[in-house]
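Step one of this worksheet: look at the structure below.
A short reminder: the numbers here are calculations on the coordinates, not readings from a lab. The shown structure was predicted, so the numbers you read here are calculated from the model rather than taken from an experiment. All Cβ positions, glycine included, derive from the backbone under ideal geometry; neighbour counts span all protein chains shown.
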Amino acid sequence: MYGVIDIGSNTIRLAVYKVENSSPKPLFSKKFTAGLASYINKSGALSKKGIEKAVNTLKQFTPILENVNLSAVYVFATASLRNIRNSEYALKTISRRSGFDIQLISGEQEGILSFYGANLQSSLDSGLMTDIGGGSTELVFFENKTVKKSISFPFGSLSIYKKYVDDILPTEKEIKHILKAVREYTQNIQCLDGQQNICAVGGSARAILYICNHMLRLDSENTVISYDNLKYLLDLYKENSQKFAKEILKTAPERIHTLIPGLTVLYGICHRCGQPDIYVSPYGIREGYLRMKTQEEKDKYEQ
């Protein structure tokens, strides 16, 4: 059994897996909403309070790990510690004070690892994978289940919220600003033209799928968000944001401020591609990262 801790811009999560035949099977997970992106100061650095928040949150996993017999615990950080001015200092300080050895993942690596995690279940051979995180969004183009290009943008559901939204819920005008930002980031990416096979991974995509199934009364086992339903959800929100917010509070209360920004980004990407449907994978970067680390262990053993 292995543990993986994912230090994200919005949440920090411990996931425990049993690995059989190089395939990770999730056993249980525990997450805390740390909101590290909220602790980035005007100079672009993670503040002392943000570092303290990360350390204290990581220490909450220690009692759990002490009572579970694990072969190893792997810890990684993405945009939460990558897209800050004091990245090296914050990484070293949090590692030293928490007692965890933390690996920083680049934007390109993040997309590739998310793809290999999603590939555990996805039946798509070629297309686009997108991962809308708290602090970044990755686009991975693949053919014959092989990565051809990985692109990372420095915006995610939480960072978009911080930049464009003044209150808890975005206004219609703020949604237009978010969509404009998505268009500007993606307008010159020709690989997006005509993409009809899209796989989405990550907490934002899963939360959007969950609320889509809930509000549209679809089968709870449904894993596809049609473009029309995605647009319908955004239109419903514009019509009555307070009513929509009540549904978010019922299904994903911790995402009350980030779900609509995430939904808007996903809609903008799909609109840019040509209005395809989206398959949402239950697997992503944590599973891909674990596959990479266990393969590294295997390679060392065989040398």
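Identify the residues of region 248-266 with backbone N under 16 Å of a label point that sits 7 angstrom from the Cα of Asn240 along the Cα-to-Cβ direction, or state none.
Residues passing the 16 Å test: 248-250.
Give the Cα extents of region 107-217 along the principal axes, in whole Å, largest first.
Computed over region 107-217, the largest-to-smallest principal extents equal 43, 36, 25 Å.
Quick check: residue separation of Lys18 and Asn188 times 0.36 nm, minus the Cα distance between them. What number comes out in nm?
57.0 nm
Going by a ≥ b ≥ c, the root eigenvalues of the Cα gyration tensor, does region 61-147 fall in the rounded group (a/c under 1.5), the prolate group (a/b larger than b/c) or the oblate group? Write down the numbers at each step before the final one.
Details: a/c = 3.21, a/b = 1.52, b/c = 2.12.
In terms of gyration-tensor shape, oblate.
Can you pull the one-decimal nm distance between simple spin-label points at Lys173 and Lys48, each 7 Å off the Cα toward Cβ?
3.8
Would you mind working out the magnitude of the charge dipole of the chain relative to its Cα centre, with +1 at each Lys and Arg C-beta and -1 at each Asp and Glu C-beta, to the nearest 20 Debye?
Working: 38 positive and 31 negative charges, 202 e Å.
For this selection, approximately 980 debye.
Would you mind getting me the FRET efficiency between Glu66 and Gln295? Use the beta-carbon distance for r and R0 = 25 Å, nearest 0.05.
Using R0 = 25 Å, I get an efficiency of 0.40.
Determine the shape class of region 1-160: with a ≥ b ≥ c the square roots of the Cα gyration tensor eigenvalues, call it rounded for a/c under 1.5, and otherwise prolate if a/b is greater than b/c, oblate otherwise.
Oblate is the answer for region 1-160, as a/c is 1.5 or above yet b/c matches or exceeds a/b.
Non-local amide H neighbours of Val75 (under 5 Å, H modeled in plane, Pro and chain starts lacking H): which ones?
Ile5, Gln103
Could you sort 258-267, 287-296 so that the peptide with the highest average Cβ count within 10 Å comes first and the rest follow in order? Could you put the intermediate results ahead of the total?
Details: 258-267: 26.4, 287-296: 19.7.
Put in order of decreasing packing, that is 258-267, 287-296.
Dipole of region 43-86, Cα-centred, from +1 at each Lys and Arg C-beta and -1 at each Asp and Glu C-beta, to the nearest 20 debye?
Computed charge dipole of region 43-86: roughly 280 debye.
Show me the ranking of peptides 37-43, 66-72, 151-157 by mean Cβ neighbours inside 10 Å, starting with the highest. Provide the component values of the computation, followed by the final result.
Details: 37-43: 15.9, 66-72: 9.6, 151-157: 22.6.
In descending order of packing, they fall as 151-157, 37-43, 66-72.
Would you mind putting 199-212, 244-257 in packing order, based on average other-beta-carbon counts within 10 Å, highest first?
Descending packing order for the listed peptides: 199-212, 244-257.
Mind pulling up the Rg/Rh value for region 245-303? Radius of gyration and Kirkwood radius, both on Cα.
Rounded to two decimals, Rg over Rh is 1.22.
Given charges of +1 on the Cβ of Lys and Arg and -1 on the Cβ of Asp and Glu, with all other atoms neutral, how large is the dipole of region 116-199 about its Cα centre, in debye to the nearest 20?
About 140 debye.
Run through all the Cα pairs of region 172-289 and give the fraction in each 5 Å bin from 0, expressed as whole percent.
2, 11, 22, 24, 22, 13, 6, 1, 0
Hey, how many Å between the Cα centroid of region 5-77 and the Cα centroid of region 269-293?
Rounded to whole Å, the Cα centres lie 21 Å apart.
Placing +1 on the Cβ of each Lys and Arg and -1 on the Cβ of each Asp and Glu in region 41-166, which of Ile102, Val55, Phe142 has its Cα farthest towards the positive end of the resulting dipole?
Sorting the options by dipole projection puts first Val55.
Cα gyration tensor of region 184-235, axes a ≥ b ≥ c as square roots of the eigenvalues: rounded (a/c below 1.5), prolate (a/b > b/c) or oblate? List each step's numbers first, then the result.
Working: a/c = 2.23, a/b = 2.00, b/c = 1.11.
Since a/c reaches 1.5 and a/b is larger than b/c, the shape of region 184-235 is classed as prolate.
Which residue, Met292, Asn222, Ser157, has the largest displacement toward the positive end of the dipole of the chain when charges sit on each Cβ (Lys, Arg +1; Asp, Glu -1)?
About the Cα centre, the residue reaching furthest to the positive side is Ser157.
Lys/Arg Cβ at +1, Asp/Glu Cβ at -1, dipole of the chain taken about the Cα centre: which of Ala252, Ser87, Ser122 is farthest positive-ward?
Of Ala252, Ser87, Ser122, it is Ser87.
Eigenvalues of the Cα gyration tensor times 5, then square-rooted: what semi-axes does that give for the chain, in whole angstrom, largest first?
29, 23, 19
Which stretch or stretches of region 157-194 have amide N atoms under 14 Å from the point lying 7 Å from Leu249's Cα along the Cα→Cβ direction?
Within reach of a label on Leu249: 168-169.
Hey, which of these cross-link pairs are over 28 Å Cα-Cα: Lys49/Lys246; Lys31/Lys250; Lys162/Lys243; Lys145/Lys298; Lys25/Lys92? Can you show the working numbers first?
Working: Lys49/Lys246 31 Å; Lys31/Lys250 18 Å; Lys162/Lys243 22 Å; Lys145/Lys298 22 Å; Lys25/Lys92 31 Å.
Listed pairs above 28 Å: Lys49/Lys246; Lys25/Lys92.
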